[in-house]
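Asker: Handing you this structure, nothing more for now.
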Amino acid sequence: MSNFASIKNIAYLEPQNSFSEMAKDEFCHQLGLNCYSTPLTTIKQIVEYVCENPDTAGVLPVENTLDGTIRESLDSLILSKNPNIRIISELVMPIEYCLLSRTTEFYSITGLIGAPRLIGKCQDFIKNEMPFSLDIIEAPSMLESAYDLRNHNLTYASIGNKKIADTCMLNILKENIHDDKNNKTRYILIGDIETKQTGKDKTTVAFRTNNTPGALLEILKIFLENNINLSYISSRPSKVEPNEYIFIVNFDGHIKGSNMLKAINEIKPKTSFFRYLGSYKAGTTVD
């Protein structure tokens, strides 16, 4: 596939109205995509689905500011059967929760419906801004919390995101009610696309070094000698042999840059496994 217009479908992690679906919507907006959507249950299913359907892209969460790297996403991409499936875009999505209700009157609220996990994430707001005698009702998810408002009077509110407010036609009484205001998730879009250079690109590769002293240092020196800035490096078990690791590296620039190709050609002979995971425009935080 050679351009984004070839994408006819995007797979993302269910449930619907999740932050993953919001990331999918934002990718469509940024890239000018108008296509179908397919919610799937697991990250592995998304990668396999994209591998099997050449006109499909997939949205994967890869890093959260609170929980760190989401290993399954890059692991599934590294082990995917189709080596042409790569990262083609990225963005950072703020994880923001709101107080939603059928009423517009915040000070009339006497009850709160929410998933236990989200109630725990909004404790400061609940303690400091909600009534002391608040009636708290637990629900399985954000969407079911919103649906349950129909079974209560107008003095009840739920915890959800802005997409659920739109879907269920609810009023947003308060925004950013979560305790950690810096909670963000980085999402990537994967697909069989050859991206173009934008001048603000980053590249991701994965490799396993030969089992010799200083093997990793030799590879890092190649980046330095080619004036390539590394922005991220991590390791994880190779899942092949004990005490064997795969390194994931992000660096500034596009694979089509002359110094990039030179560096990659120098690095490959020094590895026992190498996988190019994509060059793409560095993402910014969604407003």
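Every residue, every condition in (1) in the same structural domain as S80 (by TED's automatic domain parsing); (2) in contact with a Gly (Cβ under 9 Å, 6 or more places away or on another chain); (3) more than 24 Å from N82 (Cβ to Cβ); (4) buried (at least 19 other Cβ atoms within 10 Å of the Cβ), yes or no:
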| residue | (1), (2), (3), (4) |
| --- | --- |
| L217 | no, no, yes, no |
| E225 | no, no, yes, no |
| S238 | no, no, no, no |
| N250 | no, no, no, no |
| G257 | no, no, yes, no |
| M260 | no, yes, no, yes |
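Asker: Which of (1) without any contact (Cβ under 8 Å) to a residue 60 or more places away in the chain; (2) charged (D, E, K, R); (3) closer than 18 Å to E26 by Cβ does K184 not meet, given it meets every other one?
Answerer: (1)
Asker: Test of understanding: among I164, I188, I137, which residue is more than 29 Å from S6 (Cα to Cα), modelled with pLDDT of 95 or more, under 27 Å from the mean Cα position of the chain (by Cα) and not charged (D, E, K, R)?
Answerer: Selected residue: I164, the only one of I164, I188, I137 that is more than 29 Å from S6 (Cα to Cα), modelled with pLDDT of 95 or more, under 27 Å from the mean Cα position of the chain (by Cα) and not charged (D, E, K, R).
Asker: Further question on the same structure: Only residues that are in a loop (DSSP other than H, G, I, E, B), in contact (Cβ under 8 Å) with a residue 40 or more places away in the chain and surrounded by 16 or more Cβ atoms within 10 Å (Cβ to Cβ): list them for region 77-95, please.
Answerer: The answer is I85, I95.
Asker: A follow-up question, please. Would you point out which residue out of I87, I70 is over 11 Å from the mean Cα position of the chain (by Cα) and β-branched (V, I, T)?
Answerer: On the way: I70 fails: over 11 Å from the mean Cα position of the chain (by Cα).
Unique residue meeting the criteria: I87.
Asker: Please enumerate the residues belonging to region 241-259 that are more than 18 Å from V62 (Cβ to Cβ), of a type outside the set (K, R) and touching a residue at least 12 places away in the same chain (Cβ under 8 Å).
Answerer: Within region 241-259, the subset more than 18 Å from V62 (Cβ to Cβ) is 241-245, 253-259.
Checking which are of a type outside the set (K, R) leaves us with 241-245, 253-255, 257-259.
Passing the criteria: E244, Y245, G253, H254, I255, G257, N259.
Asker: Confirm whether N265 is over 13 Å from I78 (Cβ atoms) and either surrounded by fewer than 16 Cβ atoms within 10 Å (Cβ to Cβ) or in contact with a helix residue (DSSP H, G or I) (Cβ under 6 Å, 6 or more places away or on another chain) (or both). Step through it out loud before you land on a result.
Answerer: Working: over 13 Å from I78 (Cβ atoms): yes; either surrounded by fewer than 16 Cβ atoms within 10 Å (Cβ to Cβ) or in contact with a helix residue (DSSP H, G or I) (Cβ under 6 Å, 6 or more places away or on another chain) (or both): yes.
Answer is yes for this residue.
Asker: Here is a follow-up. Looking only at region 96-134, which residues are part of a loop (DSSP other than H, G, I, E, B) and surrounded by 12 or more Cβ atoms within 10 Å (Cβ to Cβ)? Talk me through it step by step, then tell me what you get.
Answerer: Start the filter on region 96-134 by keeping residues that are part of a loop (DSSP other than H, G, I, E, B), which leaves 96-97, 102-105, 109-110, 115, 122, 130-134.
If the condition is that a residue be part of a loop (DSSP other than H, G, I, E, B) and surrounded by 12 or more Cβ atoms within 10 Å (Cβ to Cβ), then E96, Y97, R102, T103, I109, T110, A115, C122, M130, P131, L134 are the ones that fit.
Asker: Hey, G199 hits all of (1) under 20 Å from V92 (Cα atoms); (2) under 20 Å from the mean Cα position of the chain (by Cα); (3) among the small types (G, A, S) but one; which does it fall short on?
Answerer: Answer for G199: the failing condition is (2).
Asker: Provide a single number: the residues in region 202-247 that are over 22 Å from the mean Cα position of the chain (by Cα), among the charged types (D, E, K, R) and within 24 Å of D75 (Cβ to Cβ).
Answerer: Here the count works out to 4.
Asker: On to the next question. Residue under question is E138, and the condition is that it be in contact with a helix residue (DSSP H, G or I) (Cβ under 7 Å, 6 or more places away or on another chain) and either exposed (fewer than 14 other Cβ atoms within 10 Å of the Cβ) or on the phi < 0 side of the Ramachandran plot (or both); does it hold?
Answerer: Taking the combined requirement at face value, the residue satisfies it.
Asker: OK, next. Would region 168-175 turn up any residue that is closer than 29 Å to T56 by Cβ, in the same structural domain as M130 (by TED's automatic domain parsing), in contact (Cβ under 8 Å) with a residue 12 or more places away in the chain and of a type outside the set (G, A, S)?
Answerer: The answer is yes; a qualifying residue exists.
Asker: Look at I159 and say whether it is closer than 18 Å to T110 by Cβ, hydrophobic (A, V, I, L, M, F, W, C) and surrounded by fewer than 20 Cβ atoms within 10 Å (Cβ to Cβ). Write out each step before concluding.
Answerer: Numbers: closer than 18 Å to T110 by Cβ: yes; hydrophobic (A, V, I, L, M, F, W, C): yes; surrounded by fewer than 20 Cβ atoms within 10 Å (Cβ to Cβ): no.
Judged against the criteria, I159 is not a match.
Asker: For region 231-275, name all the residues that are under 18 Å from K200 (Cβ atoms) and in a loop (DSSP other than H, G, I, E, B). Walk me through it before giving the result.
Answerer: Here is the first cut: in region 231-275, the ones under 18 Å from K200 (Cβ atoms) are 231-232, 250-260.
Once the filter is applied, which keeps residues that are under 18 Å from K200 (Cβ atoms) and in a loop (DSSP other than H, G, I, E, B), region 231-275 yields G253, H254, I255, K256, G257.
Asker: Considering only residues that are within 13 Å of the chain's Cα centre (by Cα) and exposed (fewer than 15 other Cβ atoms within 10 Å of the Cβ), which ones fall in region 45-63? Walk me through how you get there before you give the answer.
Answerer: Our first condition is that a residue be within 13 Å of the chain's Cα centre (by Cα); within region 45-63, this holds for 46, 58-63.
Within region 45-63, none qualify.
Asker: So if I check each of R86, R71, R150, which one is basic (K, R) and under 21 Å from T167 (Cα atoms)?
Answerer: Details: R86 fails: under 21 Å from T167 (Cα atoms); R71 fails: under 21 Å from T167 (Cα atoms).
Every option except R150 fails the conditions.
The values are calculated or read from the model by the stated rules, or taken from the named source; none is laboratory data. On a predicted model such as this, the values are computed, not experimentally measured, just so you know. Note that we place each Cβ from the backbone using ideal geometry, even for glycine, and neighbour counts take in every protein chain shown.
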